[in-house]
Amino acid sequence: MWIQTTQGTFAVARSPEDLGSGMLRLLSNSYGDLLLLSDRHFNSIDPVNCSSGFFTHYLRAPESLVTLVIAKLASEVWYEELPVAIETLSGSKHSAEYWSMYKNLHNLQPQQECNVAELSGKEQVILKVGCEGGSLSIGMKEENGQRSFVAHIFDSTPTFLSAEDGDGVVINSGNEFTHWDEAMECLSQHQWWKLHPLAVAQQFQELIIAELRQRGVDPMCEEWSHLLKATIDFKDYKY
């Protein structure tokens, strides 16, 4: 999630190692903006250098505190006053850069609605998970009456996969398998169930639920339930 504030522009994201800890990260390419935000709202938590990815710095804070800070920032300034507030707090150069970004956002054309599990070429997305800088997915292909499953691994950071897997080199590979279990085994090497779920094809939801339970993951947990609620009977679900 992106937030535009009077103290700068930040990305808010959850890293895989933050799952279950109740922590979120605020990321920026401006150390000064993060430091100002931290001094004012996050008890002066020191920003940390990003080892990889699209941002240079981040600070890590409890999700409950981040929620309160975002609510406070949203109520600080009327929209008409935002340009002046940004320039006052961050300087004219920052203000010009932020509003140049706004113009580009204004020119974005609305996309046509589509199903996340629609065909990509001849391949249907069954499962996709990821985090900043990387993703894992399984797709299904049917050609000449033959069905196959493709396990996709994309990684652009040295922290998403282990050093022996990638060591910081961008990985973008797809391995094709005849059987579902083979494709799932390929993804399981990278513990897909610990990453952020992005898409689950509706007709395969029961299969994914079974895979999650097999790995000790509750499909009703916050991370997965929004994708699987069409299949799980929440009222009658037994823990």
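The values are calculated or read from the model by the stated rules, or taken from the named source; none is laboratory data. No experiment lies behind these values; they were computed from the predicted model shown. Quick reminder, even Gly has a Cβ in these numbers, built from the backbone with ideal geometry, and neighbours come from all protein chains shown. The area values use the complete protein model at the heavy-atom level, side chains included, leaving out ligands, DNA and RNA. Shrake-Rupley method; radii C 1.70, N 1.55, O 1.52, S 1.80 Å.
What number goes with the only condition from (1) closer than 26 Å to residue 93 by Cα; (2) open to solvent by less than 30 Å² (accessible area, probe 1.4 Å); (3) at pLDDT below 90 that residue 59 does not pass?
Status for residue 59: all satisfied but (3).
Does the range 61-73 include one or more residues that are of a type outside the set (Val, Ile, Thr) and part of a strand (DSSP E or B)?
The initial filter retains those residues of the range 61-73 that are of a type outside the set (Val, Ile, Thr), namely 61-65, 68, 71-73.
Remaining after also requiring part of a strand (DSSP E or B): 61-62.
Yes: one or more hits.
To keep it simple, each residue is scored yes or no on (1) of a type in the set (Gly, Ala, Ser); (2) surrounded by fewer than 18 Cβ atoms within 10 Å (Cβ to Cβ); (3) part of a loop (DSSP other than H, G, I, E, B).
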{"site": "3", "(1), (2), (3)": "no, yes, no"}
{"site": "9", "(1), (2), (3)": "no, no, no"}
{"site": "24", "(1), (2), (3)": "no, no, no"}
{"site": "37", "(1), (2), (3)": "no, no, no"}
{"site": "43", "(1), (2), (3)": "no, yes, yes"}
{"site": "51", "(1), (2), (3)": "yes, yes, yes"}
{"site": "54", "(1), (2), (3)": "no, yes, yes"}
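Can you confirm whether residue 117 is exposed (fewer than 15 other Cβ atoms within 10 Å of the Cβ) and at pLDDT below 65? Walk me through how you get there before you give the answer.
Working: exposed (fewer than 15 other Cβ atoms within 10 Å of the Cβ): no; at pLDDT below 65: yes.
No, not satisfied.
Mind listing just one residue for me: the one in the range 136-172 that is under 16 Å from residue 188 (Cβ atoms) and open to solvent by 30 Å² or more (accessible area, probe 1.4 Å) and, of those, modelled with the highest pLDDT?
152
Taking the range 191-213 as the search range and keeping residues that are open to solvent by 30 Å² or more (accessible area, probe 1.4 Å) and touching a Gly at 6+ places or on another chain (Cβ under 8 Å), which one is farthest from residue 13 (Cα to Cα)?
Per the criteria, the residue is 198.
In the range 214-239, which residues are open to solvent by 30 Å² or more (accessible area, probe 1.4 Å), under 29 Å from residue 12 (Cα atoms) and at pLDDT 80 or above?
Of everything in the range 214-239, those that are open to solvent by 30 Å² or more (accessible area, probe 1.4 Å), under 29 Å from residue 12 (Cα atoms) and at pLDDT 80 or above turn out to be 215, 216, 218, 220, 221, 223, 227.
Among the residues of the range 26-35, which ones are in contact with a helix residue (DSSP H, G or I) (Cβ under 9 Å, 6 or more places away or on another chain) and either loosely packed, with under 15 Cβ neighbours inside 10 Å or under 18 Å from residue 1 (Cα atoms) (or both)? I'd like the intermediate steps shown before the answer.
Keep residues of the range 26-35 that are in contact with a helix residue (DSSP H, G or I) (Cβ under 9 Å, 6 or more places away or on another chain), which gives 26-28, 30, 32-33.
Those that are in contact with a helix residue (DSSP H, G or I) (Cβ under 9 Å, 6 or more places away or on another chain) and either loosely packed, with under 15 Cβ neighbours inside 10 Å or under 18 Å from residue 1 (Cα atoms) (or both): 26, 27, 28, 30, 33.
Could you grab me the full set of residues in the range 185-230 that are under 13 Å from residue 126 (Cα atoms) and not in a helix (DSSP H, G or I)?
197, 198, 199, 200, 201
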